[in-house]
Amino acid sequence: MMSAQNDEVRKNAYARLKEGVNLIRAGRYDEAIKALEEANRLLPNDPDIMLTLGGALILARKWNRAERFLQQAVKTHPENARMWLNLAAAILGRLELATRDRQDRAIEAYKQALRIDPVAPSAHYNIGLIHAERQDWDQAIQWFQEAVRANPADEDARWRLEQAKKAKEASSES
């Protein structure tokens, strides 16, 4: 009896997860969040639901709420690199508006993702972006080089690397 009840809860939670994913794809983030919060209520420690809910909060630009939720998620799943990537994105918010403290905390979360998965998608690249925003060209170049090594097909990382090199050269000439 208990197993059938658990199966029903799981089935309902994954139906809400699927609904949330479809709403995200449609750009209906607030509705997606509601569906995903219901899924999370049904299965509170499910990593797929947690990742998707955290992602929906980020897409909806609910940075502080996303950060609080994902702080709990990484405590539950400390070895999930994707959870750390989402946490870093939530902490950072919009790069051009992020304080130095938020940038530093985001870098630490990206580095934690890299400790778990040395080629964690976009981690090197995003750290490079933070350093480029700070005009710390040596660090930006280093991280964009790592991004290209992690994903040789990343044309944007290659472009950013070249831009950082040009900016460093221009700053040393002045």
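The values are calculated or read from the model by the stated rules, or taken from the named source; none is laboratory data. Bear in mind that the values here come from a model prediction, so they are computed numbers and not experimental data. For neighbour counting, all protein chains shown are included, and Cβ atoms are generated from backbone atoms with ideal geometry for every residue, glycine included.
Here are the numbers for the structure shown:
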quantity	calculated
Test: residue in region 157-173 that is surrounded by 13 or more Cβ atoms within 10 Å (Cβ to Cβ), of a type outside the set (Lys, Arg) and out of contact with any helix residue (DSSP H, G or I) (no Cβ under 6 Å at 6 or more places or on another chain)	yes
Selected residue [among the basic types (Lys, Arg) and under 30 Å from Val9 (Cβ atoms)] from Arg149, Arg41	Arg41
Filter result (of a type in the set (Asp, Glu), closer than 29 Å to Asn80 by Cβ and either out of contact with any helix residue (DSSP H, G or I) (no Cβ under 8 Å at 6 or more places or on another chain) or assigned to a helix (DSSP H, G or I) (or both)) within region 137-156	Glu146, Glu155, Asp156
Complete set of residues in region 84-99 that are surrounded by 23 or more Cβ atoms within 10 Å (Cβ to Cβ), among the polar types (S, T, N, Q) and more than 20 Å from Leu17 (Cβ to Cβ)	none
Qualifying residue in region 97-119 (condition: outside any helix (DSSP H, G or I), under 12 Å from the mean Cα position of the chain (by Cα) and of a type outside the set (D, E, K, R))	no
Test result for Asp104, surrounded by fewer than 17 Cβ atoms within 10 Å (Cβ to Cβ) and free of Cβ contacts under 8 Å to residues at least 40 places away in the same chain	yes
In region 37-83, the residues that are among the charged types (D, E, K, R), assigned to a helix (DSSP H, G or I) and either in contact (Cβ under 8 Å) with a residue 12 or more places away in the chain or buried (at least 19 other Cβ atoms within 10 Å of the Cβ) (or both)	Glu37, Glu38, Asp48, Glu67, Arg82
Qualifying positions in region 117-135 - crowded, with 16+ Cβ neighbours inside 10 Å and modelled with pLDDT of 95 or more	Asp117, Ala123, His124, Tyr125, Asn126, Ile127, Gly128, Leu129, Ile130, His131, Ala132
Members of region 5-52 found to be β-branched (Val, Ile, Thr) and more than 24 Å from Lys75 (Cα to Cα), listed by number	Ile24
Looking only at region 58-95, and only at residues there that are basic (Lys, Arg) and closer than 22 Å to Arg115 by Cβ, the one that is nearest to the chain's Cα centre (by Cα)	Arg82
